[in-house]
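One structure is given here, and the rest of the page talks about it.
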Amino acid sequence: MKTIFKLSLISLAICSVCACTDDRDNFMVNDSISYVSKATVAEVSVFSEKYDMSLVKSGKGKTSANVTFAFPDSSLTNYNKANGTSYELLPVSLYQTSDQSVSFSEKDVRKIVELTWKASDVIAKLKTGSYAIPCRLISSGTDVNKDRSLIIICPKLSGIKMKTTDATALNPKADASIIDTLTGEVEIDYPISGKDLKVGLAIDNSMVAAYNTANGTSYTTAPDGLITVIDKDITIKDGQASAQFRYVLNNAKFYNNGAFVDFTDYMVPIKIASTSISGVAVSDNVMYVPVKNESKTLMGPWKVLEGADLCFGHEAGAPSWALQYIVDRMVDGNPATEWISQWSTVITFPMSFVFDLGELHLFKNFKVKDHSTHQGQYRQLEMYMAEKYDGANTKWTLVASGLRGYDWVTGGNTYDFPVQKLVVGRYLKFVIVKAEFDETIDPGFVRGRGKLAEVYGEGF
């Protein structure tokens, strides 16, 4: 019985082994050869002087293959008809492959074949039209994937240019010690593989006149050193599409012995002056950098350093509603609010206020806005600037003064005080020289009372 039992077990095991079949390949496709790239057309810089044709064998990995290449005119003709292109066949004599054929073993997956040419031989052709190399795969032993069996290599003349031809306009700063660092960019349409492209940059002031003629402008040539190109030689690295360069604006060039020198708008042309690879086309080779003498509004809030008590809000016995009418509102950056002078006290003139502007400024014009009432009371004014504040020892420079006009306007009018001396400073002394009216004209003006909405200016 034991013998019969053992024979039964052996028979069962044999049957089990026979019943197990290897079906792992049932879900795999047969081997095929194709290009890795899904794109039919590959545009490449002629200066790269090669193109890597990457081949792949995919599938079960059960077959070997021998692959050759055909460069048929018919493939290019058919592609042109189907896609509305007009590529011409580059003569076979102008290029070659690193291998005439490539062998894949059963386990090989990927191979690379180099298609190479000499740029100096091909450039002459590219100057007359668009040329291409249609390369079709032919395989023995393994099928070719028809959807990825053709690649059309198109050598292109690379061209470089300034990414931006009109740079953002620059303006002077009130601090002569500031050197602003800015960036520009040179880009290439067909990146060059296998080598770096060196680009030389230079400022060419001879181009300012031509720019004015073409654009109806009247820029002038900037003084030497106002703008300097730091990176006069830059490199577009192997395979990269662009490279940045730095240039600086030296604000000290706007000043002479600390005083701002007024100017008509400057133009600084930065151009592509040279390239390390002969034949690289240069277009849009200039970036024009405008430097404009444009003012912006300079307005508070500013800090009150002196004269804070010369107001209704700080006056002894002032009602609670008057507490808001303080000197800060004269420089709070809001022309809709108002400062009111002392109301019950006989005001002593001149009234003097000192404000900390927070940073250096250069005013080209001051503006003073009246409020709704008491218009025209404070017309004789003076403005002083100082770079440093040292209380009573501060060295002030008178920059604007005069007797402004006066027209009654609902809500109050705004009046200009053009600057007579362009001086940089952080501290402003504002002086009301005298009152214009008294109670004989209007009882509301008694004791030199008055109001102002805002003191501000224009400049840098």
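Some values worked out for this structure:
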item: Selected residue (criterion: surrounded by the most Cβ atoms within 10 Å (Cβ to Cβ)) from residues of the stretch 344-377 that are of a type in the set (G, A, S) and farther than 28 Å from G391 by Cβ; result: G376
item: Whichever residue in the stretch 212-262 is outside any strand (DSSP E or B) and of a type in the set (A, V, I, L, M) and, among such residues, is nearest to E387 (Cα to Cα); result: A252
item: Filter result for T128 (under 40 Å from the mean Cα position of the chain (by Cα), free of Cβ contacts under 8 Å to residues at least 24 places away in the same chain and loosely packed, with under 12 Cβ neighbours inside 10 Å); result: yes
item: Of all residues making up the stretch 263-273, the number that are of a type outside the set (V, I, T) and either outside any strand (DSSP E or B) or more than 21 Å from I179 (Cβ to Cβ) (or both); result: 4
item: Any pair with Cβ under 8 angstrom, 6 or more apart, that starts in the stretch 387-409 at a residue that is closer than 23 Å to T373 by Cβ and ends at one that is among the β-branched types (V, I, T) and surrounded by 10 or more Cβ atoms within 10 Å (Cβ to Cβ); result: R404/V368
item: Residues (surrounded by fewer than 22 Cβ atoms within 10 Å (Cβ to Cβ) and either part of a loop (DSSP other than H, G, I, E, B) or out of contact with any Asp or Glu (no Cβ under 9 Å at 6 or more places or on another chain) (or both)) located in the stretch 30-43; result: N30, D31, V36, S37, K38, A39, T40, V41, A42, E43
item: Test set (1) of a type in the set (S, T, N, Q); (2) closer than 26 Å to Y190 by Cα; (3) assigned to a helix (DSSP H, G or I) - Q96 fails condition number; result: (3)
item: Residues of the stretch 421-434 that turn out to be at pLDDT 95 or above and more than 16 Å from D356 (Cβ to Cβ), as a count; result: 4
item: Any hit, the stretch 78-91, residues being surrounded by 15 or more Cβ atoms within 10 Å (Cβ to Cβ), at pLDDT 95 or above and in contact with a Lys or Arg (Cβ under 7 Å, 6 or more places away or on another chain); result: yes
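The values are calculated or read from the model by the stated rules, or taken from the named source; none is laboratory data. What you see is a predicted model, and the numbers here were worked out from it, not measured in a lab. Because the Cβ atoms are built from the backbone with ideal geometry, glycine has one as well, and the counts that use them run over all protein chains shown.
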